[in-house]
Amino acid sequence: MKFSFKNDYSEGCHPNILQALLEHNKDQQAGYGEDQYSLKAKELIKQRIKKSDSEIYFVSGGTQANLIVISSILRPYQCAVSAATGHILNNETGAIEATGHKILGIEKEDGKLTPEDIIPTLENHRNVPHQVMPKLVYISNSTELGTIYTLGELEALSKFCKENKLYLFMDGARMGHGLTSEISDLTLEKVAELTDVFYLGGTKNGALIGEAIVINNPELQQDFAFNIKQKGALLAKGRLLGIQFLELMKNDLYFELAKHANQQAMKIKNAMKERGVQFLSDTYTNQIFPVLSNELIEKLSEKFEFYVWKKMDENSSAIRLITSWNTEDQPVNDFIEIIQAEL
């Protein structure tokens, strides 16, 4: 059986979560997220971000979180701004557009947005009322290319958004990996301080399913629960999500799992760099994009699964390797062994 480096949710969930689900299975609890586990998990998140006035909602997945947040806080004539590599542009089947909101994409090789990137888009949408109004800036941390935002970069972006009356929304499907990167100087507290909305991704970091939407801007909190229900995201058995996030937030398990995934990816990256391998982007999270010969890619494909990300020329391509919270040493060492033998 091949080992998969295709994504960070090939496995089930962390054993602590399975044990907790089993332990509390027969407990009777209130429905729709009013169970004691969901309420406690929300309190732990608020304590971690040091914002008691933020509101938290659990939903099942990242696309659902993006769709609900963006469609709920934008008016019909407003749109989102995103890097062209953004998940909402490339991997969500037009979910945002299906709600009536356009996405303005900006080409960026590193997948990150800066104020300087956004200014031309704002300037090109001044023909009121004949064009859509840019109102929300969508970013990911870590990005779809495995890169991360520094504290300084996020501060600059947050300031720019406030000055231009734009909402700043951070997709946190891989938030844990971004914050525990060895080069990160950003903290979860700062993310909460600098964004209007963000979410903590559980699906890609040890949970069976689940994302925690955190709304920091009081203006956006009003009536948000109606949108959760209307979009079919309010689970009757909300305990399923609450128990998972309660376990993930205990004793920093969420961040330990993400850090492990990053470390496993860096083992592979460093071994490749020693052999002179070039990378599509310089990442320090659980996603890496090495450029390899097609011949070597074919050989690696005999034992491992991964995505061929981008064709570079007739003889080489960039592949994407993703490690997870549960990636053990053996498959990593086996992959490295082939690299060392072939290069």
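Inspection of region 200-216 identifies no residue that is under 22 Å from the mean Cα position of the chain (by Cα), assigned to a helix (DSSP H, G or I), over 30 Å from residue 312 (Cα atoms) and aliphatic (A, V, I, L, M). Just one of the listed residues (237, 299) is part of a helix (DSSP H, G or I), open to solvent by 50 Å² or more (accessible area, probe 1.4 Å), basic (Lys, Arg) and out of contact with any Cys (no Cβ under 8 Å at 6 or more places or on another chain), namely 299. A single entry from 103, 118 fulfils the requirement of being closer than 30 Å to residue 284 by Cα, touching a helix residue (DSSP H, G or I) at 6+ places or on another chain (Cβ under 6 Å) and β-branched (Val, Ile, Thr): 103.
One residue stands out among those in region 240-282 that are among the aromatic types (Phe, Trp, Tyr) and open to solvent by 20 Å² or more (accessible area, probe 1.4 Å): the one that is nearest to residue 49 (Cα to Cα), which is 255. Which condition number in (1) part of a loop (DSSP other than H, G, I, E, B); (2) modelled with pLDDT of 95 or more; (3) over 17 Å from residue 175 (Cα atoms) is the one that residue 282 fails? It is condition (2) that residue 282 fails. All of (1) of a type outside the set (S, T, N, Q); (2) open to solvent by 10 Å² or more (accessible area, probe 1.4 Å); (3) in contact (Cβ under 8 Å) with a residue 40 or more places away in the chain hold for residue 232 with one exception: (3).
For region 70-88, taking the residues that are assigned to a helix (DSSP H, G or I) and under 14 Å from the mean Cα position of the chain (by Cα), the one that is surrounded by the most Cβ atoms within 10 Å (Cβ to Cβ) is identified as 88.
Annotation: residue 44 fulfils all but one of (1) under 12 Å from residue 245 (Cβ atoms); (2) assigned to a loop (DSSP other than H, G, I, E, B); the unmet one is (2). Output the residue which, of all residues in region 140-167 that are buried (at least 24 other Cβ atoms within 10 Å of the Cβ) and without any contact (Cβ under 8 Å) to a residue 60 or more places away in the chain, is farthest from residue 87 (Cα to Cα). So the residue we want is 157. Identify all residues within region 126-135 that are touching a strand residue (DSSP E or B) at 6+ places or on another chain (Cβ under 8 Å) and either open to solvent by 40 Å² or more (accessible area, probe 1.4 Å) or under 12 Å from residue 83 (Cα atoms) (or both); write none if there are none. Residues satisfying the conditions are 132, 133.
Looking only at residues in region 320-334 that are open to solvent by 10 Å² or more (accessible area, probe 1.4 Å) and in a loop (DSSP other than H, G, I, E, B), the one that is nearest to residue 142 (Cα to Cα) is 325. Being buried (at least 24 other Cβ atoms within 10 Å of the Cβ), at pLDDT 95 or above and farther than 22 Å from residue 70 by Cβ is not true of residue 212.
For region 1-26, a residue qualifies if it is free of Cβ contacts under 8 Å to residues at least 12 places away in the same chain and either in a loop (DSSP other than H, G, I, E, B) or surrounded by 11 or more Cβ atoms within 10 Å (Cβ to Cβ) (or both), and the qualifying residues are 1, 15, 18, 19, 25, 26.
I need the full set of residues from region 170-193 which are open to solvent by 20 Å² or more (accessible area, probe 1.4 Å), of a type outside the set (Lys, Arg), farther than 14 Å from residue 45 by Cβ and not in a loop (DSSP other than H, G, I, E, B), in order please. The answer is 193, and nothing else. Note on region 25-67: residues that are under 17 Å from residue 172 (Cα atoms) and of a type in the set (S, T, N, Q) amount to 5.
The residues of region 47-62 that are in contact with an Asp or Glu (Cβ under 9 Å, 6 or more places away or on another chain), in a helix (DSSP H, G or I) and surrounded by fewer than 19 Cβ atoms within 10 Å (Cβ to Cβ) amount to a single one, 48. Just one of the numbered conditions (1) crowded, with 16+ Cβ neighbours inside 10 Å; (2) free of Cβ contacts under 8 Å to residues at least 12 places away in the same chain is not true of residue 116: (1).
The values are calculated or read from the model by the stated rules, or taken from the named source; none is laboratory data. The structure displayed is predicted, hence computed values, not measured ones. With ideal geometry, Cβ positions are generated from the backbone for all residues, glycine too; neighbour counts draw on all protein chains shown. The area values use the complete protein model at the heavy-atom level, side chains included, leaving out ligands, DNA and RNA. Shrake-Rupley method; radii C 1.70, N 1.55, O 1.52, S 1.80 Å.
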